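Scroll down for the structure; my scribbles are underneath it.
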Ligand SMILES: [Zn+2]
Ligand SMILES: [Zn+2]
């Protein structure tokens, strides 16, 4: 059975669960661990059955709950090397690291992981991390707690306990190079976005192909090619151009969103659906809708108009992913 569940989508947090055969992966962890688990249980997914977490890029709306969730479940995290490095920098912004120091830190963390055989110790760390104030200490706090000693000796690599970037296991993938996690084949592809090495994915399980493409300034030819022949298409429909132009964001932020490495507008998504898309998907999910510069109905109507040519009872069912609650699971 193949199952696709969007737990959350938008600038306040993104997460999706993809299940195929005996495998189950979490794509992005942009909510707190607690909220991720709550939403998974709401839709009938057991967090403990997740096999891995796969990350699109290091922006906080995609990684906010990453470390705690991965540690809690003791599962590997798949990144590109560039995204992993950017994520580590984001969590420890005041620690300047040369590339050699960073490699050394990765090596030490890997060695520690290898030595990590006591599950009892792991459980203790998880409980400690949950704390009383919730599961997600702010990045600044994390940085502050690891800073004072690190400042004494810049070459010192922090131990696991004080290291906010510690993960149970890290695996690297590269855009353009497909890999597998259990029964799910994954094709990562480069997307144009202002992050270190951002990607979208096509997941392939039991003959079903599911594409996920959000956080992209426009749809270049390599992305168009990836979105062909999919059974499920999750596509960004971030903002209405007019609402963004007239909206509350400062001009610099508007420019960023509108840029070639920003976010996809309703109009750009519709242009793709009308002119670049092959009409093959059973489900089209509009995602990463802005709460300030979009309205669900505007996004829906714009996409519906574009999909008119493919009108068919069985195909192109149009759904909207939401920020505040999971979208009902899609089964194949
Ligand atoms: Zn995002
Ligand atoms: Zn982003």
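Rule-based calculations on the coordinates, nothing more; no lab input. This structure is a prediction, so every number in the text was calculated from the model and none was measured. Glycine gets a Cβ as well: all are built from the backbone with ideal geometry, and neighbour counts include every protein chain shown.
Quick notes on this structure:
- Protection proxy ranking for 192-202, 47-57, using the average of other Cβ atoms within 10 Å per residue and placing the highest first: 192-202, 47-57.
- Here the label points at residue 96 and residue 108, each 7 Å from Cα along the C-beta direction, are separated by 1.9 nm in the simple model.
- Three-way shape call for region 218-322 based on the alpha-carbon gyration tensor, with the a/c threshold at 1.5: prolate
- Three-way shape label, region 163-253, alpha-carbon gyration tensor, a/c 1.5: oblate
- Residue 171 versus residue 81: modelled label distance in nm, points set 7 Å from Cα along the beta carbon direction: 1.8 nm
- Gyration tensor verdict on region 3-73 (Cα atoms; rounded if a/c is under 1.5, prolate if a/b is larger than b/c, oblate otherwise): rounded
- DSSP bridge pairs, region 158-272: antiparallel proportion in percent, nearest 5: 75 percent
- Label-point separation in nm, residue 42 to residue 60, each point 7 Å along Cα→Cβ: 2.2 nm
- Of the peptides 176-188, 236-248, the order by per-residue mean of other Cβ atoms within 10 Å, starting with the highest, comes out as 236-248, 176-188.
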